[in-house]
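Dropping a structure here in structure tokens format, bear with me for questions.
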Amino acid sequence: MVEDHGIPAHEVRFIQEGASSESMRKRMIEEMKEGRIRVMFGSTEMLGTGVNAQKKCVAIHHLDCPWRPSDLTQRDGRGIRTGNEVAKYYADNKVDVVLYAVEKSLDAYKFGLLHNKELFIQQLKTNNMGARTIDEGAMDEKTGMNFSEYVAILSGNTELLEKARLEKKITTLESERQAFVRGKSSSRYKLDEILQKVEKNSGLIERIGKDLEHFKSQVQLNEDGSYKNPIQLDGVQGGDIKFIGKHLNHIADTARTGNEFDKIGSLYGFDLLVKSETSQKEGFDAVQNRFYVRGEGDYLYQYNYGNLASDPRLAAQNFINALGTIEPTLEKFQKENEKLSKDIPTLKDVVDGTWRKEPELASLRAELTDLDRKIQLSLKPIEESEGQPVNEVEENKKQSQEDNRQPSLGNGQPYIPARLRKIADSSGGRIVLGSVPRSHADTDNPSKSSMKI
């Protein structure tokens with residue numbers, strides 16, 4: 001830094017210099033905030049949580065890979081936080097983050113661990129242990145860190161990186177297809193429900209329409225336009241409204257129909273009914289009688305939820321008021337059917353539709369399969385040696401083992417355990433492990449039992 005970038009040596013410091021004194025450590029951090037120290041080296045423990053030196057921070061360099069995702073977050077948090085004036089006014093509110101790693105080293109393994117740990121932590125945070133993947137986007141995207149790409153890059157095999165990207169695309173498309181299938185299934189269920197509701201409402205509309213037609217043909221009007229109330233109760237003579245109301249209140253207090261509908265009279269050709277409903281109230285059986293009007297379509301109309309007024313005159317008006325709800329009830333079902341019918345074409349389009357990206361998904365899967373096969377072939381160990389078939393090499397291995405078990409070399413000399421030496425094969429660039437007798441240790445030719453690897 002001093003020679004290449006011209007930074008004075010006293011402006012490059014190590015936080016460990018202040019390890020012996022807390023006051024010295026705080027002074028170094030203050031100098032870092034003011035810019036008198038331009039480069040500060042430190043570990044996560046000593047320069048991590050609790051260090052507020054972000055005022056003039058322009059970049060964070062990770063010289064090693066930590067074991068925990070939180071450590072990486074803490075390191076970045078020293079500069080990426082509120083109070084960074086340089087980033088706010090001169091760097092578009094951004095801080096450079098640089099990670100250093102060595103290809104084909106332990107760094108690849110450590111980034112792989114970070115990836116798995118981060119995935120597990122995110123599953124816990126989101127309460128979704130069913131999630132098996134995370135976004136494989138670049139490091140500078142808002143979705144967070146991507147350790148999978150670093151594992152591929154650090155392995156030295158770019159095909160692994162391409163495999164990771166293909167898997168990301170496939171996962172995204174599979175998620176889209178699952179959402180499409182769920183939406184299609186939901187639409188099919190909703191469509192069936194709407195069709196059943198429309199069919200049911202249509203039947204009610206027909207029945208209520210007949211009741212309305214009958215009522216309009218039979219109803220009598222007073223001079224003020226209100227409906228006359230020629231109610232007839234079974235067992236009651238005369239048409240005195242007050243007396244009829246008292247009799248209805250008596251029925252409301254004493255009737256016990258056993259949850260069945262009992263006919264008690266008629267009005268304009270409609271049946272007047274009472275039904276006893278039993279419920280539990282404070283540990284005792286409570287009985288409540290409700291009153292209904294039933295027409296030709298067997299549809300039940302009620303007023304005030306079937307409850308009678310305590311006043312006899314108002315009680316006698318209950319049934320004629322219930323007949324007055326026929327037309328509003330018919331309009332309600334007609335409007336409901338009209339609203340439901342508007343959704344049917346859209347739902348049918350969804351149910352009958354197909355997912356357009358199916359060919360793209362199939363193509364990506366085929367490409368991934370080919371790439372997997374290619375990767376496996378590239379990682380397959382060489383099983384042939386200098387053009388020898390595998391069977392011949394295996395035979396040589398067996399012969400070598402047999403030779404090593406012989407008590408003597410056959411020339412009268414006692415057998416001495418072999419020692420290994422490495423001989424470079426100039427033709428193939430391979431290493432030859434030669435097993436030779438001690439008396440032949442200085443020969444330039446390896447024995448027949450040697451095996452090239």
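Filter the cross-link list LYS228/LYS335; LYS125/LYS169; LYS200/LYS342; LYS33/LYS88; LYS210/LYS339 down to pairs whose alpha-carbon distance in this structure exceeds 19 Å.
LYS228/LYS335; LYS125/LYS169; LYS210/LYS339
Here's a follow-up. Mind checking the dipole of the range 228-323: about its Cα centre, +1 per Lys or Arg Cβ, -1 per Asp or Glu Cβ, Debye to the nearest 20?
280
May I ask you to order 232-239, 216-223 by the average number of other C-beta atoms within 10 Å around their residues, highest value first?
Per-residue Cβ counts within 10 Å, averaged per peptide and sorted highest first, yield 232-239, 216-223.
Let me ask something else. Could you name the lysines in cross-link range of LYS275, using Cα to Cα under 21 Å and dropping any fewer than eight places away on the same chain?
LYS246, LYS263
Measuring from label point to label point, each 7 Å out along Cα→Cβ, what is the LYS200 to SER70 span in nm?
Spacing of the two 7 Å Cα→Cβ label points: 5.4 nm.
Which order do the peptides 66-73, 370-377 come out in when sorted by mean C-beta neighbours inside 10 angstrom, highest first?
Per-residue mean Cβ counts within 10 Å order the peptides as 66-73, 370-377.
Could I ask something else about it? Going down the table (LYS163/LYS184; LYS26/LYS56; LYS163/LYS357), which pairs top 22 Å between alpha carbons?
Over 22 Å Cα-Cα: LYS163/LYS184.
Listed highest first by mean packing, meaning other Cβ atoms within 10 Å per residue, what order do 53-63, 11-21 come in?
53-63, 11-21
Rounded to the nearest 0.05, what FRET efficiency is calculated for GLU338 and THR254 with R0 set to 56 Å and r the Cβ-Cβ distance?
0.80
Using the number of other C-beta atoms within 10 angstrom as an exposure proxy, rank PHE41, PHE111 with the fewest first.
Fewest-to-most ranking of PHE41, PHE111: PHE41, PHE111.
Each value in this text was obtained by applying a stated rule to the coordinates, not by laboratory testing. This is a predicted model, so every value here is computed, not measured. All Cβ positions, glycine included, derive from the backbone under ideal geometry; neighbour counts span all protein chains shown.
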